[in-house]
Amino acid sequence: MRRQAILTGFVQLACNRVHRSCPARARTFSPMGSTLQAVRGMNDLLPAQALRYRRLVAHIASVLASYGYHELRTPVLERTELFVRTIGEVTDIVEKEMYTFRDELNGESLTLRPEGTAACVRAVLEHNLLYGNPQRLWYEGPMFRHERPQKGRYRQFHQIGAEAIGFGGPDVDAEQILICARLWRSLGLSQVRLELNSLGDPAARARHRELLVAYFERHHDQLDEDGRRRLHTNPLRILDTKNPALQDLVEAAPRLADMLDTESAAHFDGLRERLADAGIEFTVNPRLVRGLDYYNRTVFEWISDDLGAQGTICAGGRYDGLVEQLGGRAAAACGFAIGLERILLLLEGKPALADVQTPAAYVVHHGEEAARVAAAAAERLRDLGHAVIVHGGGGKFASQMKRADASGARFAVIVGESEVAAGKLGLKPLREPGEQQLLALDAVARRLAGDPA
Ligand code: ATP
Ligand code: MG
């Protein structure tokens, strides 16, 4: 009893330490003995899901590698300032979605990364990677945003993204769009469409912003609360509204496309030509503005209609000013990020990523010596590239064979007294007819590799 009280007190103390500025949350911490659950909007990936995730990432990584992109891994925590300065103070992410807390040991304000681009640019500058060397990079991992969880929208979610830093031409925008198109094709996702827009240069954006504010001021009475709030902070975001009552108003608003600077217009033409050359279909959506401040010129989204409101599976664009803004020598850049959970939802039930990993062989064994022979044989087969499970926990051969069958393995490898005495292994096909045979390890390996009996 006393021990329990001490432990409870300790947990409460630890909890208060984390949430000192938020006592209401500290009170909701479960007492000892009750079942604890994951944080809302943050999911466990059970083995079959984790395997699908891993396979998806491996597949995307191999496509990215084939275009010359290299992996960059950055920490999940960054200084809050990095995101405030890059994403923008009056964006949804910075205003209300970031997990920000103070490091009590040194007073720094830290934030769990809500996206990958800012950290990628930070790392490139910190390690001087750009010096005469444009970089093609990709990253993958968890991102954190305090949003209302729903299907396809979580508080910890995962992105894989690519960034080409030090490239100014529309060829790289096109390259990244082609990478995505190749991915959807290879994953069997045919119902995905591409929307494009150009945001022009900062001056064009400023001109557009002025006209937009004047327009919405003239129609102030028609705006909703969100719109009024954004009118003077981030009017571009009003164009992005999901409120059906505002659609007509937004439709008739001044368009950035009509006031693009000449260079941005030429860049956009160049991109469209390259996409046409590659046979990539797209629609230009003048209302596509993206939620982050750092974008300019090209912005794009890939959208699936099979995911309801969470239809955007990939979003990207150009951010030519960001490197300089973070203290580097000006370098144009373009990138995109894919929402992995949304891709996995689209892939459910599709053969592209099989649900379970099927081992080549399941090794059953009986007796002390047989167990050691089984372990050594399995290691040797793994050296030769085969996935092999060794039965654990003993039991009769018959029940071990049931486990072998349930594992999905193509073969059972059997190690009993007689096999040990003969210095060989028993091999029995589990997915097709065939007798058990006594074989040397090399012969077993050849059968696992697909050689006929
Ligand atoms: P949305 O409009 O859906 O909120 P966003 O514009 O905030 O998306 P980006 O910052 O562009 O999203 O992130 C790129 C991609 O990451 C999105 O297209 C989406 O697939 C995925 N994504 C973003 N937020 C979440 C989330 N909370 N849960 C799951 N996936 C997400
Ligand atoms: Mg969002």
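Could you pull out every one of the aspartates and glutamates with an alpha carbon less than 14 Å from that of Lys424, ignoring same-chain neighbours closer than 8 positions? Straight-line reach from Lys424, under 14 Å: Glu369, Asp442. Close amide H pairs (under 5 Å, H built 1.01 Å from N) link Leu430 with Phe411, Ala412, residues at least 5 positions away or on another chain.
Around the amide H of Met143, modelled in the peptide plane, lie the amide H atoms of Phe157, His158, Gln159, all under 5 Å away and 5 or more residues distant in sequence or on another chain. Couplings 3J(HN,Hα) for the stretch 379-387, derived from phi with the Karplus relation 6.51 cos²θ - 1.76 cosθ + 1.60 (θ = phi - 60°), are 4, 5, 5, 5, 4, 8, x, 9, 7 Hz, where x marks Gly and Pro. Look at where the Cα atoms of the stretch 355-390 and of the stretch 437-453 average out, and the two centres are 14 Å apart.
Which entries in Lys151/Lys242; Lys96/Lys242; Lys350/Lys428; Lys96/Lys151; Lys350/Lys402; Lys151/Lys402 show an alpha-carbon gap greater than 26 Å? Don't skip to the answer; put the middle values down first.
Numbers: Lys151/Lys242 18 Å; Lys96/Lys242 18 Å; Lys350/Lys428 30 Å; Lys96/Lys151 20 Å; Lys350/Lys402 28 Å; Lys151/Lys402 37 Å.
Too far apart for the 26 Å limit: Lys350/Lys428; Lys350/Lys402; Lys151/Lys402.
A simple rule links phi to the HN-Hα coupling: the Karplus curve 6.51 cos²θ - 1.76 cosθ + 1.60 with θ = phi - 60°, which for the stretch 241-250 gives 4, 9, 6, x, 5, 9, 4, 5, 4, 5 Hz, with x for Gly and Pro. Among the chymotrypsin sites (Phe, Trp or Tyr not before Pro) in the stretch 81-147, those placed in a DSSP loop whose Cβ has at most 13 other Cβ atoms within 10 Å are Tyr131.
Between the C-alpha center of the stretch 59-85 and that of the stretch 207-234 there is a gap of 35 Å. Backbone geometry of the stretch 208-220 corresponds, through the Karplus equation with coefficients 6.51, -1.76 and 1.60 at θ = phi - 60°, to 3J(HN,Hα) couplings of 4, 4, 4, 5, 5, 4, 4, 4, 5, 5, 4, 10, 3 Hz, x marking Gly and Pro. Residues whose amide H lies under 5 Å from that of His365, counting only those 5 or more places away or on a different chain, are Val415; hydrogens are built 1.01 Å from N in the peptide plane.
Restricting the trypsin sites (Lys or Arg not before Pro) of the stretch 56-88 to loop positions (DSSP other than H, G, I, E, B) with no more than 13 neighbouring Cβ atoms within 10 Å leaves Arg73. Positive end of the dipole of the stretch 371-453 (Cβ unit charges, origin at the Cα centre): among Leu439, His391, Leu381, the Cα lying farthest that way belongs to His391. Summarising the overall dimensions of the chain from its C-alpha atoms, the Rg and Dmax are 28.0, 93 angstrom. The chymotrypsin sites (Phe, Trp or Tyr not before Pro) of the stretch 30-73 that meet both conditions, a loop assignment by DSSP and at most 16 other Cβ atoms within 10 Å of the site Cβ, are Tyr67.
Taken together, the values in this text are just the output of simple stated rules run on the coordinates, not laboratory data. Keep in mind that what you see is a predicted model, and the values were worked out from it rather than measured. Quick reminder, even Gly has a Cβ in these numbers, built from the backbone with ideal geometry, and neighbours come from all protein chains shown.
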